[in-house]
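Before any comments, here is the structure.
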Amino acid sequence: ELKVEQNPLFLSMQEGKNYTIYCNYSTTSDRLYWYRQDPGKSLESLFVLLSNGAVKQEGRLMASLDTKARLSTLHITAAVHDLSATYFCAVDISGNDMRFGAGTRLTVKP
Amino acid sequence: NAGVTQTPKFQVLKTGQSMTLQCAQDMNHEYMSWYRQDPGMGLRLIHYSVGAGITDQGEVPNGYNVSRSTTEDFPLRLLSAAPSQTSVYFCASSYPPGAGANVLTFGAGSRLTVL
């Protein structure tokens, strides 16, 4: 059975701290996406990772992909309150079938 | 551009009733899909379409029907609603996967409650 596992599922951080969210998946894929969802809102694309070793950065967030380990990470540097949201990873299985992780609910406290 | 438009935003049904969730996009995207979002389970793919006249099942298709008569529209039908279908439904679209990355543009969501 295909699994996409994120951890942690809940993360409470202090502003200014660093942390990493992990996304493990159980199938072969070299395409992985990260999305952000604010409470009661829709999902927005954050990062697109299309090959082994891909690294993308936007502001305080950096995402990477290791296809051999079937692992993607989303690293948060010096967290600020505006980063509070739920973050999802999604693995592209076939180009048509996207499987999402359960999401990591991040809360950044002052 | 409106992007991906879903209607209705909220709906309450009784068990056994039928309804259609509407989804329209104005970006000329070939690929469209429906997901349901349940607490602790992320998003699960219900059905998808790679173009007009072509649909296929996703991870959780039972209890749902779809059709794709035009590029713009991709309605999701619940033929006989069940409480287990209480969820938030998202429609998403993108360019064909063959074009490179399959970055999804999501609608605002439709919250469905089945009593």
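The values are calculated or read from the model by the stated rules, or taken from the named source; none is laboratory data. Here the structure is a predicted model, which means the values were calculated and not measured. All Cβ positions, glycine included, derive from the backbone under ideal geometry; neighbour counts span all protein chains shown. These accessible areas exclude ligands, DNA and RNA; they are computed on the full protein's heavy atoms, side chains included. Shrake-Rupley method; radii C 1.70, N 1.55, O 1.52, S 1.80 Å.
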For A:ASN7: the one exception among (1) more than 10 Å from the chain's Cα centre (by Cα); (2) open to solvent by 60 Å² or more (accessible area, probe 1.4 Å); (3) away from chain B (no Cβ under 11 Å): (1)
Take the range B:16-62 and flag every residue that is of a type in the set (Gly, Ala, Ser) and either in contact with a strand residue (DSSP E or B) (Cβ under 6 Å, 6 or more places away or on another chain) or surrounded by fewer than 15 Cβ atoms within 10 Å (Cβ to Cβ) (or both). B:GLY16, B:SER18, B:ALA24, B:SER33, B:GLY40, B:GLY42, B:SER49, B:GLY51, B:GLY53, B:GLY58
In the range B:23-78, how many are within 17 Å of A:ILE93 (Cα to Cα) and among the aromatic types (Phe, Trp, Tyr)? 4
Tell me, which strands (runs of 3 or more DSSP E) wholly within the range A:16-110 include 1 or more residues that are open to solvent by 30 Å² or more (accessible area, probe 1.4 Å) and modelled with pLDDT of 95 or more? A:19-25, A:32-37, A:43-49, A:55-58, A:61-66, A:71-76, A:104-109
Among the residues in the range A:94-101, are any at the interface with another protein chain (Cβ under 9 Å from one of its Cβ atoms) and among the polar types (S, T, N, Q)? yes
